[in-house]
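Working notes, structure below.
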Amino acid sequence: MSSSLSVFLLDPLATRALVGSGDEQLLRRLTDHFGRDLAESDDWFSHEIGNGAPTAAEALRAVVHGGPYAADRSHAFQYGYAYMRLCELTGRFLNNSSFSPFRGAWLAAVDEGLKALGVTEVSLAEFGYGFGLPEGVPQGHDYPGGGEWTNRACLAALAQFEQAEREGRAAELEPDVAEAVSDVIGWLRQVEQRPGFGVIGFVS
């Protein structure tokens with residue numbers, strides 16, 4: 001089974017503040033923008049919805065209004081996808097060509113490539129194995145996995161990479177790993193241009 005990493009450039013604090021904001025205009029934008037996607041999602045998860053999980057639209061409403069949420073933790077995945085849609089609408093999608101699709105321990109392999117270049121302040125594993133939903137949103141134990149890199153962490157990671165470049169430190173990486181590492185550095189350079197911004201990522 002393959003997975004996909006989707007990453008977005010945005011202000012993590014401002015994005016988290018949208019959760020529970022009760023912003024009806026935002027909710028209308030979300031439902032209008034993702035209309036077809038919501039319907040396809042409901043079809044895909046029809047069995048879970050039949051067993052009490054919220055529809056995709058109901059999950060969006062709950063996230064924007066801060067609840068009510070389903071009591072059954074097995075239904076929490078819908079809120080993770082709702083938050084992912086919120087990030088997609090309000091953020092800038094970053095190039096994920098090296099990460100969609102991917103299999104197995106690919107994120108760990110790219111992390112090792114980053115470490116070989118001296119970059120330790122950020123980790124792709126945070127997106128795959130952490131659950132970075134805002135406080136108050138139910139945390140599930142299934143996809144999507146999510147996490148965030150703060151502005152501070154991104155700038156520190158970029159400084160580590162640039163220090164290695166100045167010192168002429170190099171690492172022999174497999175071509176596909178080197179390409180993925182280059183993509184990650186590109187994300188960090190975009191963060192550098194946007195004060196307060198960071199990266200929020202989801203594995204699904």
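The values are calculated or read from the model by the stated rules, or taken from the named source; none is laboratory data. These numbers come from a predicted model, not from an experiment. Positions of Cβ are backbone-derived with ideal geometry, glycine not excepted, and every protein chain shown enters the neighbour counts.
Key figures for this structure:
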read-out	value
Qualifying positions in region 44-57 - in a helix (DSSP H, G or I) and either at pLDDT below 95 or surrounded by fewer than 18 Cβ atoms within 10 Å (Cβ to Cβ) (or both)	TRP44, SER46, HIS47, GLU48, GLY50
Unique residue being under 17 Å from the mean Cα position of the chain (by Cα) and closer than 18 Å to VAL203 by Cα when the list is SER41, SER2	SER2
Helices (runs of 4 or more DSSP H) wholly inside region 100-197 that include at least 1 residues being under 30 Å from HIS75 (Cα atoms)	106-116, 125-129
Those residues of region 152-178 which are out of contact with any Leu (no Cβ under 9 Å at 6 or more places or on another chain) and among the acidic types (Asp, Glu), in sequence order	GLU162, GLU167, GLU172, GLU174, ASP176
Residue in region 138-149 that is loosely packed, with under 13 Cβ neighbours inside 10 Å and among the polar types (S, T, N, Q) present	no
Where a residue in region 57-71 is under 13 Å from GLU135 (Cα atoms) and its partner, wherever it lies, is part of a loop (DSSP other than H, G, I, E, B) and small (Gly, Ala, Ser), with Cβ under 6 Å and at least six apart	GLY66/GLY20
Unmet requirement for ALA71, which otherwise passes all of (1) surrounded by 20 or more Cβ atoms within 10 Å (Cβ to Cβ); (2) over 14 Å from the mean Cα position of the chain (by Cα); (3) not in a helix (DSSP H, G or I); (4) not charged (D, E, K, R)	(1)
Criterion: in contact with an Asp or Glu (Cβ under 8 Å, 6 or more places away or on another chain), over 21 Å from ALA108 (Cβ atoms) and not polar (S, T, N, Q) - qualifying residue of GLY147, GLY198, GLY168	GLY198
Boolean, LEU173 is in contact with an Asp or Glu (Cβ under 7 Å, 6 or more places away or on another chain) and not small (Gly, Ala, Ser)	no
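A quick yes/no check of all residues on (1) modelled with pLDDT of 95 or more; (2) surrounded by fewer than 19 Cβ atoms within 10 Å (Cβ to Cβ); (3) in contact with a His (Cβ under 6 Å, 6 or more places away or on another chain); (4) assigned to a helix (DSSP H, G or I):
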position: LEU9; (1), (2), (3), (4): yes, no, no, no
position: SER21; (1), (2), (3), (4): yes, yes, no, no
position: LEU26; (1), (2), (3), (4): yes, yes, no, yes
position: ARG36; (1), (2), (3), (4): yes, yes, no, yes
position: ALA39; (1), (2), (3), (4): yes, yes, no, yes
position: ASP42; (1), (2), (3), (4): yes, yes, no, yes
